[in-house]
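Single-structure report; data block below.
The values are calculated or read from the model by the stated rules, or taken from the named source; none is laboratory data. Keep in mind it's a predicted model, so treat the numbers as computed, not measured. No Cβ is skipped: glycine too gets one built from the backbone with ideal geometry, and neighbour counts run over all protein chains shown. In case anyone asks, the SASA skips ligands and DNA or RNA and just uses the protein heavy atoms, side chains included. Shrake-Rupley method; radii C 1.70, N 1.55, O 1.52, S 1.80 Å.
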Amino acid sequence: MAENRNGNAKSTNDKASGAANAYAINLDTFSKRLKMLYSHWSENRDDLWGGSEAIAIATPPPSDDLRYLKSSALNVWLVGYEFPDTIMVFMKKQIHFLCSQKKVSLLEVVKKSAKEVVGVEVVMHVKAKNDDGTALMDSIFRVLHAQSRLDGRDTPIVGHIAREAPEGNLLDTWAEKLKNENFELKDITNGFSDLFAVKDTAELTNIKKAAYLTSSVMKHFVVPKLEKVIDEEKKVSHSALMDETEKAILEPARVKVKLKAENVDICYPPIFQSGGEFDLKPSASSNDENLYFDSTSVIICAIGSRYNSYCSNVARTFLIDANPLQSKAYTVLLKAHDAAISALKPGYKAGAAYQSALSIVEKEAPELAANLTKSAGTGIGLEFRESGLNLNGKNDRVLKAGMVFNVSLGFQNLQTETNNPKTQKFSILLADTVIVSDNTPDVVTSTSSKAVKDVAYSFNEDEEEEVRPKVKLEGHGADAISSKATLRSVNHEMSKEELRRQHQAELARQKNEETARRLAGGGSGAADNRGSAKLSGELIAYKSVNDLPPPKDLMIQIDQKNEAILLPIYGTMVPFHVATLKSVSSQQDTNRTCYIRLIFNVPGTPFNDSTSSKFQGSIYVKEVSFRSRDPRHISEVVQLIKTLRRQVTSRESERAERATLVTQEKLQVSGAKFKPIRLSDLWIRPVFGGRGRKLTGTLEAHTNGFRYSTSRADERVDIMYGNVKHAFFQPAEKEMITLLHFHLHNHIMVGNKKTKDVQFYVEVMDMVQTIGGGKRSAYDPDEIEEEQRERARKNKISMDFQNFVNRVNDLWGQPQFKALDLEFDQPLRELGFHGVPHKSSAFIVPTSSCLVELIETPFVVITLNEIEIVNLERVGLGQKNFDMTVVFKDFKRDVFRIDSIPSTSLDGIKEWLDTTDLKYYESRLNLNWRPILKTITDDPEKFIEGGGWEFLNMEASDSDSENSQESDQGYEPSDVQSDSVSEEEEDDSESLVESEDDEEEDSEENSEEEEGKTWEELEREASNADREKGAESDSEEERSRRKVKAFGKTRAPEKRRPTGPASSLSKRARLR
């Protein structure tokens, strides 16, 4: 995008003469690249260098115009700086520099290196201030003729850059004398193009830094700026946006990029286009027209920055309330652009990139092929457009690792049917900077997203609804429900309910077909991974009698090393492994005599029950008691036994847990060159074990995973990116903590706990309440200051978390992580509802892909695409609460129950389920799901023939009383909550006594429930009583009307977006 624009290398004329020593030439780089130049010249003399015997390069004087010249590029590539008004002549045995005294003093240092590397002598020709340099030029020409005669030629062949017109007195004189001299001039542009094409490590580093700045400006300055202008409906010209963006590039600190401003420049003035006037040529510019952002408008933005003279470029197209044609065009262009990038591999031809893009367009939208740009981009480096590396369909140049391309593709002048002349014609453009590598192409500007969800905006949803069908959001359409409640008429509500009912009927048909296919395939879902952990092995205290420690006295002894208790029995010390001990206790009688009682595990007890089958016929010691008159010794023994038993139990439990873990890859720690992304002062859940004081730690994002560590060496957790199933970021909205939560595919160990959920959080405010004192005034300065401090702390924490999440999302957007499909998801609090998923009430919130509860433990994380159906139980009958049962596609997995959900949340939940394409049913009673699922898995054919899940359809069962009775007999209601668990197993820290108490309470409730009448019997008696009175007072119609009237006092469900022609293009939620 820079036709005739200047390179911005550091010019040696920028400083006064006294500061010449401020410049230092890197002699290692000079030596390496001078050797490359001579080797390339020697190997390709006839093909690319025109058979030239000498190379003459003349660099023009400095200019304020932006332009790119091969001569300037050679200066920067070879010595690191641009030397204006300088002539360089490269020969076989000599290199001649003709320049001012200042430049000569800088170039003197290269003489030794040139002699050592390629064996050439560097000759300096100092041009005086008022000298035209003619005599010095003649001396160079005499050397050229002498060299040619030695080679047996009468006319020297001199290579030069033919396309660069001379500028200034010195270059005019040089060009005239070169033309009139008896030389054969050859254009060597292709030689330099091939020489510069493959970049070394230092060059690639400069390009990556430039690309990071470019994409950061696009993401953190341009996009927020456009959103603000559009949202506030400001009138801002394209040229004003250009000026502001240029300032952002030249001041990297504004976008939090740590690059020195003196090393940074623009590649070209930033380009902003909208309002029907588009130019996709590299020479395009921003005009003085205002940014146009009405419905169906298109905005194109292209920016390029340079670091140490190396270029990078990125271009994005933003769609405002896109129509179907615009949506389709962008989707096709996105695929074509990705195809062109994928074709940039070593050994492929340059033309393959454009051919790959063209084939995608011809396949997906052949009517748009004529509007596709004729090239897929150009090479980029020291020049914005490197000649010879054009990505058109005719270029047979073979690609090599280290080449860099500006992949730019677009549709020019597309026509759409609108009444607005400013939106009738539109263009679309995408551009990225890509490095060809040995594996996959490296898109170094990927930080700036080009995904549909990040460039498509919807600002006039309410108006669009009347004109065209709504676009249905991908990712389960969580944003389709607005958070504001509105009142609607009864007729409108009834029609909306009818739409939902029709959609649910279609979902029921699809779900039954899907379930039938899955069951016919011989599986009921994922494999059943449940099972008890095996013991690590047989516990042995001593291998032989000789290993027993020598007895001191006939007293109870504790052998910590061998984990044994030695008991004096009949005058002999008998060892018992501490793991065989069930409990130990002590007591003291009135005579100050102490007793110690030890109870052992015997066959039939929960611990180590395998001994009963292993040692059949053996006699076991169940209990031993000892008496002592030394209370201190007794208490010490009890304490030591308990401590030792706790340690052994904990170790064996942890060992059993670790035995079932899936082996994880090793964390690749980021090196010193690329610092890891870091977030400090975090707490972790589940917490590490141990009795010491809990410490905060630091979470770091490395090459292939996260690492959390505290100041203690043994408190460290590694989470691999490949093991992350879902990642959540939940800011502190009406909560006390801001958190990051990772739900994993496979279990890991956190301390000595096996878990699939790991959470890192910070308390945004101190949970302290002032006790005592009178009421404080609302204008109390201390109170105001305290609130301000809390607000500032909360904002800082949110900003730190958001920056961490953004940077990790950018990291996950790189090509090597695309297959993982990872991105931080944020819960949609406005769609949340209260319920009891475990033992206490919690606020459960949907996200785009899950249903989560991340505050109370144990956590709830339910993946939506693993849900088979949802059954809403205890609905109706004037109930204040209802229950939700989630049935998973894996029928061997227990259902998940959320109890005691307020009935006011019912309609919102139904609307959310419907919008996310989840089939739900309603029932008046709680069902016992274990026998139901067992019946389905035992005889899937009967289940399918019986209509699949339609036995849950309350409306269908009401219409057929016989079917209703059979269904009730087949599935008896149960108030006993099933052992529902989330994707993480239940916390197994509960004691055996607690579980027995729970069972007793449940059994008492069951017995009381069996003695009373069921809800259906009570309802039938009430209906019969109403008939006797001659009035059916509680008909379905009246109940529906009553619901609608009551609904106006509560929150109404929002509109569900129907699918439409443009449904392939998901959009951001509107900003205002």
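Tabulate in residue order the Karplus-calculated ³J(HN,Hα) for the range 209-214, using 6.51 cos²θ - 1.76 cosθ + 1.60 with θ = phi - 60°, rounded to whole Hz; enter x for Gly and Pro.
5, 5, 5, 4, 5, 4
When you count, for each residue, the other Cβ atoms within 10 Å and take the mean per peptide, how do 317-324, 814-821, 240-247 rank with the highest first?
The packing order, highest mean first, is 317-324, 240-247, 814-821.
Show me, for the range 740-753, the HN-Hα J-couplings you get by feeding each phi into the Karplus relation (A = 6.51, B = -1.76, C = 1.60, θ = phi - 60°), rounded to Hz, glycine and proline as x.
Ordered by residue, 3J(HN,Hα) equals 10, 10, 10, 9, 9, 6, 10, 5, 10, 9, 10, x, 10, 10 Hz.
For Lys93 and Ser841, compute 0.36 nm times the residue count separating them, minus their Cα-Cα distance, and round to one decimal in nm.
Numbers: separation 748, 0.36 × 748 = 269.28 nm, distance 8.68 nm.
Difference between extended and current length: 260.6 nm.
Please state the relative contact order of the range 199-314 as a whole percent: Cα pairs under 8 Å, 6+ residues apart?
Values: 181 pairs, mean separation 40.3, N = 116.
Over the range 199-314, the number comes to 35 percent.
Using R₀ = 60 Å, calculate the FRET efficiency as 1/(1 + (r/R₀)^6) where r is the Cβ-Cβ separation of Gln814 and Val545; round to 0.05. Mind dumping the intermediate values first?
Working: r = 64 Å, r/R0 = 1.07.
Plugging the Cβ-Cβ distance into 1/(1 + (r/R0)^6) gives 0.40.
Ordered by packing density, taken as the mean number of other Cβ atoms within 10 Å over each peptide's residues, highest first, how do 548-558, 711-721 rank? Provide the component values of the computation, followed by the final result.
Details: 548-558: 13.5, 711-721: 15.9.
Listed from highest to lowest mean packing, they are 711-721, 548-558.
Calculate the length of the line joining the C-alpha centroid of the range 340-397 to that of the range 173-242, in whole Å.
19
In nm, to one decimal, how far is the Met749 label point from the Asp279 one, both placed 7 Å along Cα→Cβ?
About 6.7 nm, to one decimal.
Please compute the modelled spin-label separation between Glu121 and Glu790, points set 7 Å along Cα→Cβ, answer in nm with one decimal.
Label-label distance for Glu790 and Glu121, simple model: 8.4 nm.
Evaluate E = 1/(1 + (r/R0)^6) for Gln826 and Lys642, where r is the Cβ-Cβ distance and R0 equals 41 Å; express this FRET efficiency to the nearest 0.05. Intermediate values should be presented prior to the final figure.
Details: r = 46 Å, r/R0 = 1.13.
The formula returns an efficiency of 0.35 here.
Just need the relative contact order of the range 58-169 here, percent rounded to a whole number, with Cα pairs under 8 Å and 6+ apart.
Numbers: 115 pairs, mean separation 25.6, N = 112.
Relative contact order here is 23 percent.
About its Cα centre, how strong a charge dipole does the range 170-248 have in debye, to the nearest 20, once Lys and Arg get +1 and Asp and Glu get -1 at the Cβ? Write out the running numbers ahead of the final one.
Details: 12 positive and 15 negative charges, 69 e Å.
Dipole about the Cα centre, nearest 20: 340 debye.
What is the sum of charges, Lys and Arg at +1 and Asp and Glu at -1, for the other residues whose Cβ falls under 12 Å from the Cβ of Leu136?
Details: positive: Lys127, Arg142, Lys177; negative: Asp131, Asp132, Asp138.
So the environment of Leu136 carries a net charge of 0.
Past the 32 Å Cα-Cα mark, which pairs from Lys92/Lys179; Lys115/Lys345; Lys453/Lys666; Lys247/Lys394? Intermediate results must be reported in sequence, preceding the final value.
On the way: Lys92/Lys179 22 Å; Lys115/Lys345 38 Å; Lys453/Lys666 34 Å; Lys247/Lys394 39 Å.
Over 32 Å Cα-Cα: Lys115/Lys345; Lys453/Lys666; Lys247/Lys394.
Under 1.5 on a/c is rounded, so check that first for the range 170-242, then, if it is not, pick prolate when a/b is larger than b/c and oblate when it is not; a ≥ b ≥ c are the square roots of the alpha carbon gyration tensor eigenvalues.
Values: a/c = 5.19, a/b = 2.15, b/c = 2.41.
It is oblate, given that a/c is not under 1.5 and a/b is not larger than b/c.
What does the charge count around Ile869 come to, taking other residues whose C-beta lies under 9 Å from its C-beta (Lys +1, Arg +1, Asp -1, Glu -1)?
+1
By accessible area of protein heavy atoms, probe 1.4 Å, what ranking do Glu417, Glu108 get, highest first?
Working: Glu417 185, Glu108 75 Å².
My answer, sorted largest first, is Glu417, Glu108.
Kindly identify the range 353-468 as rounded, prolate or oblate by the Cα gyration tensor criterion: order the square roots of the eigenvalues as a ≥ b ≥ c, call it rounded if a/c is under 1.5, otherwise compare a/b with b/c, prolate if a/b is larger, else oblate. Display every interim value, and only then the final one.
Working: a/c = 2.54, a/b = 1.85, b/c = 1.38.
The shape class here is prolate.
Listed highest first by mean packing, meaning other Cβ atoms within 10 Å per residue, what order do 589-599, 181-191 come in? Walk me through the numbers before you get to the answer.
Working: 589-599: 13.4, 181-191: 17.5.
So the order, starting with the most tightly packed, is 181-191, 589-599.
Equivalent-ellipsoid semi-axes (√(5λ), Cα gyration tensor) for the range 20-167, whole Å, largest first? If you can, show how the numbers build up before the last one.
Numbers: eigenvalues 103, 68, 57 Å².
Equivalent ellipsoid of the range 20-167: 23, 18, 17 Å, largest first.
Answer rounded, prolate or oblate for the range 819-961, using the Cα gyration tensor with square roots of eigenvalues a ≥ b ≥ c: rounded when a/c is under 1.5, else prolate when a/b is larger than b/c, else oblate. Each step should come with its number before you reach the end.
Working: a/c = 1.79, a/b = 1.30, b/c = 1.38.
Oblate, because a/c is 1.5 or more while a/b does not exceed b/c.
Calculate, in nm to one decimal, what Asp681 and Asn865 gain on full extension: separation in residues at 0.36 nm each, minus their alpha carbon distance. All intermediate terms of the calculation are to be shown ahead of the outcome.
Values: separation 184, 0.36 × 184 = 66.24 nm, distance 3.47 nm.
Taking Asp681 through Asn865 to full extension adds about 62.8 nm, to one decimal.
List the pair-distance distribution P(r) of the range 225-308, using every Cα-Cα distance, as the percent of pairs falling in each 10 Å bin from 0 up to the bin containing the longest distance, rounded to whole percents.
That works out to 17, 45, 29, 8, 0, in percent per bin.
Using a 7 Å offset from the Cα along the Cα-to-Cβ direction at both Asp782 and Lys112, what is the distance between the two label points in nm, to one decimal?
Between Asp782 and Lys112, the label points sit 7.3 nm apart.
For the range 130-136, take each phi angle, set θ = phi - 60°, evaluate the Karplus expression 6.51 cos²θ - 1.76 cosθ + 1.60, and give the result in whole Hz per residue in order, putting x for glycine and proline.
Going residue by residue, I get 9, 8, 7, x, 4, 5, 5 Hz, with x marking Gly and Pro.
Please work out how much length the chain gains when fully extended from Lys177 to Ser711, using 0.36 nm per residue of separation minus the C-alpha to C-alpha distance, in nm with one decimal.
Computed gain between Lys177 and Ser711 is 184.9 nm.
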